[in-house]
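In what follows, a structure is listed as structure tokens, so that the remarks can point back to it.
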Amino acid sequence: MALPPADDLPPLRAVVEAHGLAPRKALGQNFLFDLNLTAKIARSAGPLDGFTVFEIGPGPGGLTRALLAQGAERVIAVERDPRCLPILSEISARYPGRLEVVEGDALETDLAARARGTPAKIVANLPYNVGTQLLINWLTANPDAPFWTSMTLMFQKEVGQRIVAAPGSNHYGRLGVLAGWLTRSEILFDVPPQAFTPPPKVTSSVVQLTPLAERLACDLDRLERVTHAAFGQRRKMLRQSLKPLGGEALLDRVGIDPTRRAETLSVAEFCALAQAL
Ligand code: SAM
């Protein structure tokens, strides 16, 4: 027997049909209709009480409903597709004063300003076409004092693997170094394609990132220059790939063997190279 939804709103599939919301590929619209799954994602974000919760791409609102049902006092949901707004208004009416919908492009929305200094969490089933860029924007917005205390985000599994990758892994690259410098990250669970409407081609993963209390001193721009050069030619030895940045002389200053390759370097070694630039 199916469990009843956590609120008294109609089932999501019925809502989407009633509003004629046909999913659009260009907007990365793969909707979740299973309220048990959206509740699981919301729960995995931890306590929501007292936090501003940002959701990017609420769509028909399955995860939004779960976040509100689980006690989020203030959800700010940024949605680019105006067709979703009437559905989200119905959810807002069910939870008066707790859901603010921002119509617009999340890539151009300043979440930090909207948090207004309150502790914030970001929880989202991200549109895959802009998911990585959104993550990079939030990671680099203000590395010294991030506006978010955690991010619980659905990505394509392969992106999730790149975020949490450790040195030596095929998935380790620029994204893993950036995330590893600033956060502790883990894949919480995978979600199969059949859980979405329409199903995407690949498995998805829910990834959680929390800022490190203490991180290595490092300049972001220089770190990006080093990782860009090193992973741009990941099969080459570092003395070759880092030539434009000083090659062997730079590696000698930090005491790194110039015959090593990018994917063997720890985050600390990348930070040391960035500082030595
Ligand atoms: N949260 C819903 C769910 O889990 O069923 C929908 C998730 S769907 C993967 C991604 C959502 O992001 C869609 O509603 C889409 O319209 C929205 N979207 C796509 N690009 C966006 C952007 N640049 N800014 C804000 N929302 C966007």
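One table, with the values for the structure above:
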{"quantity": "Isotropically averaged projected area of the range 12-211, using the convex hull of Cα atoms (one quarter of hull area), nm²", "calculated": "10.3 nm²"}
{"quantity": "The chain, dipole about Cα centre (Lys/Arg Cβ +1, Asp/Glu Cβ -1), debye to the nearest 20", "calculated": "760 debye"}
{"quantity": "Normalised alpha carbon radius of gyration of the range 220-276 [divisor 2.2 N^0.38 Å]", "calculated": "0.93"}
{"quantity": "Unit charges on C-beta of K, R, D, E only; dipole of the range 220-276, Debye", "calculated": "240 debye"}
{"quantity": "Selection of trypsin sites (Lys or Arg not before Pro), the range 47-128, meeting DSSP coil and at most 13 other Cβ within 10 Å", "calculated": "Arg116"}
{"quantity": "Proximal aspartates and glutamates to Lys40, defined as alpha-carbon separation beneath 13 angstrom and excluding residues fewer than eight positions away on the same chain", "calculated": "Asp190"}
{"quantity": "Sites matching GluC sites (Glu not before Pro) across the range 146-254 that sit in DSSP coil, with at most 16 neighbouring C-beta atoms within 10 Å", "calculated": "Glu214"}
{"quantity": "Nitroxide proxy distance, nm - points 7 Å out along Cα→Cβ at Gln240 and Ala93", "calculated": "6.5 nm"}
{"quantity": "Most mobile listed residue (Tyr128, Tyr172, Tyr95) in the chain, GNM with C-alpha springs under 10 Å", "calculated": "Tyr95"}
{"quantity": "Lysines whose Cα lies under 19 Å from that of Lys201, excluding same-chain neighbours fewer than 8 positions away", "calculated": "Lys25, Lys157"}
{"quantity": "Contour minus Cα-Cα distance for Asp190 and Arg260 (0.36 nm per residue)", "calculated": "21.9 nm"}
{"quantity": "Between 0 and 90°, nearest 10: helix 131-140 axis offset from the chain longest Cα axis", "calculated": "60 degrees"}
{"quantity": "Gain upon complete extension [Lys25, Arg215; 0.36 nm per residue less C-alpha separation]", "calculated": "64.6 nm"}
{"quantity": "Ala249/Glu224 FRET efficiency (R0 22 Å; Cβ-Cβ; nearest 0.05)", "calculated": "0.60"}
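A short reminder: the numbers here are calculations on the coordinates, not readings from a lab. From a predicted model like this one, the values you see are computed outputs, not experimental measurements. Note: ideal-geometry Cβ built from the backbone for every residue, glycine included; neighbour counts use all protein chains shown.
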